[in-house]
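A.B. asks: Starting off with a structure, shown below.
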C-alpha cells in the first residue's frame with residue numbers, strides 16, 4: 001500500500017539520511033509493480049513517449065473501471081482488446097513519469113475497491 005511505501009521511505013531516511021533520486025525511483029517502481037499486480041497487469045513497458053500496461057488476459061480486465069479511466073484521461077489513455085489486452089498511457093514528461101503512473105494505477109485501484 002502507499003502507507004507501506006511511505007514507511008519504507010521514512011525508515012530509510014531515519015537510518016541513512018536523505019537518499020539519492022535513483023533510490024526514490026526504485027521504491028516508486030516497486031510500488032508501481034505491486035499496484036499493477038493487484039490490477040492483474042503482468043507487464044509494463046515503455047515505447048517512445050508511452051507506457052504499455054498489459055493485462056494477464058481478457059477476464060482480468062475490469063471494463064467498467066477501464067472505460068471510466070479512458071474517459072477521465074481523454075486521449076492520453078487508450079485500451080486495446082487484442083490478446084493480451086493492454087492500456088497505452090501517453091505521459092507528459094519523462095521526469096514525472098513514475099509519479100504519473102502511480103496516480104493512474106491508484107485511481108484504477110480505488111475505482112475497483114469502490115465497487116466492492
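A.B. asks: If R₀ is 22 angstrom, what is the calculated FRET efficiency for the pair residue 107 and residue 21, using the beta carbon separation as r and rounding to 0.05?
C.D. replies: 0.35
A.B. asks: Please work out the Cα center distance from the stretch 1-39 to the stretch 63-110, rounded to the nearest Å.
C.D. replies: Going from one Cα centre to the other spans 21 Å.
A.B. asks: Using a 10 angstrom cutoff on alpha carbons, build the Gaussian network for the chain and name the most mobile of 99, 21, 58.
C.D. replies: 21
A.B. asks: So how tilted is helix 21-38 from the main axis of the chain? Cα-based, degrees 0 to 90, rounded to 10.
C.D. replies: 40 degrees
A.B. asks: Please build a GNM for the chain, connecting alpha carbons under 10 Å apart, and tell me which residue among 43, 100, 24 fluctuates the most.
C.D. replies: 24
A.B. asks: Continuing with the same structure: Using Cα atoms only, what is the angle between the long axis of helix 97-115 and the major principal axis of the chain, expressed in degrees (0 to 90) to the nearest 10?
C.D. replies: 60 degrees
A.B. asks: As a test of the formula, what do you get for the chain when each DSSP H run with n ≥ 4 contributes -39,500 (n - 2.57) and the sum is divided by the residue count, at 222 nm and rounded to the nearest 500 deg cm²/dmol?
C.D. replies: The per-residue figure over the chain is -17500 deg cm²/dmol.
A.B. asks: So how compact is the chain: Cα radius of gyration and Dmax in angstrom?
C.D. replies: Cα radius of gyration and Dmax of the chain are 15.1, 47 Å respectively.
A.B. asks: Another question, then. Connecting C-alpha atoms closer than 10 Å in a GNM of the chain, tell me which of 13, 102, 32 has the biggest fluctuation.
C.D. replies: 13
A.B. asks: Turning to a different aspect of this structure: Run the numbers for residue 82 and residue 64: contour at 0.36 nm per residue of separation, minus the present Cα-Cα distance, in nm.
C.D. replies: That pair, residue 82 and residue 64, stretches by 4.7 nm at full extension.
A.B. asks: Here is a follow-up. Taking only Cα atoms, what is the 0 to 90° angle, nearest 10, from helix 63-72's long axis to the longest principal axis of the chain?
C.D. replies: 70 degrees
Where a number appears in this text, it was derived from the coordinates with a stated rule and is not lab data. Owing to the predicted nature of the structure, the values given are computational and were not obtained by experimental measurement. As a convention, Cβ positions derive from the backbone with ideal geometry for all residues, glycine included, and neighbour counts pool all protein chains shown.
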